[in-house]
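The block underneath contains the structure these notes are about, expressed in structure tokens.
The values are calculated or read from the model by the stated rules, or taken from the named source; none is laboratory data. Everything numeric in this text was worked out from a predicted model, so none of it was measured. All Cβ positions, even for glycine, are placed from backbone atoms using ideal geometry, and neighbour counts span all protein chains on display. For the accessible areas, the whole protein counts, side chains as well, though only heavy atoms, and no ligand, DNA or RNA atoms are used. Shrake-Rupley method; radii C 1.70, N 1.55, O 1.52, S 1.80 Å.
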Amino acid sequence: MNKWKIGFFLLAGGVAAAVSAVIILISSTPESVPLPDMERRNMSDNVLTVRATKENLEGIANTYIRKAMKGEPIPVTMAVGDEVLLFSEMMLFSYTVPVIMHFDPIVREDGNLILKLSKIEIGVLNIPPATVLKVLKDSVKLPPWMTVRPKEEELFIDLSEIPVSGNLQVRAKTFNLVEDEIILELIIPQN
């Protein structure tokens, strides 16, 4: 066998090993991120109940995401229809690939949201959802009130940590997107 063929096989083997290592690295089972303990609100606080539409919620969410991600190279936007859509991008082998994640919202007892992944679109690629969420978590600096939980295939939105002026806190009461019934509570602390 001549030197050219040996060099070619070594190069091909090296490339195959590198691709295999990358696939194993990004598809390894991620550790679970614990959710914060549910906090009960102080019953002496004042509560203002607000009804929002999907359009209102989408505009407000994107405003806060944009402010929190100012200067980040990878964009993240949200669309709200009968489900919550999160649009972003991933870099795979020097190519930018669009990512669309479909989520079903679940209101926790403490008024925070869990967005449960129901579907994912990554161009024509077929990558496991937990892997995509792990790559998203590792490559995109999301706002501190958004926690990616790849193992559970969900995104936790800590509404109480969204910086709202006047020391207000936000809680979700009802989040029925199909009926366009979104009820939020603004908590106004007395102290």
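What the table below lists for this structure:
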{"item": "Pair Glu121, Thr77: separation of 7 Å Cα→Cβ label points (nm)", "result": "1.4 nm"}
{"item": "Theoretical gain in end-to-end length, Asn46 to Leu177 [0.36 nm per residue, Cα-Cα removed]", "result": "44.5 nm"}
{"item": "Residue order for Phe87, Phe93 - accessible surface, 1.4 angstrom probe, largest first", "result": "Phe93, Phe87"}
{"item": "Cross-link reach list, aspartates and glutamates versus Lys119, counting only Cα pairs under 12 Å and skipping chain neighbours closer than eight places", "result": "Glu83, Asp104, Glu153, Glu154"}
{"item": "Cβ-Cβ FRET estimate between Lys67 and Leu186, R0 fixed at 30 Å, reported to 0.05", "result": "0.95"}
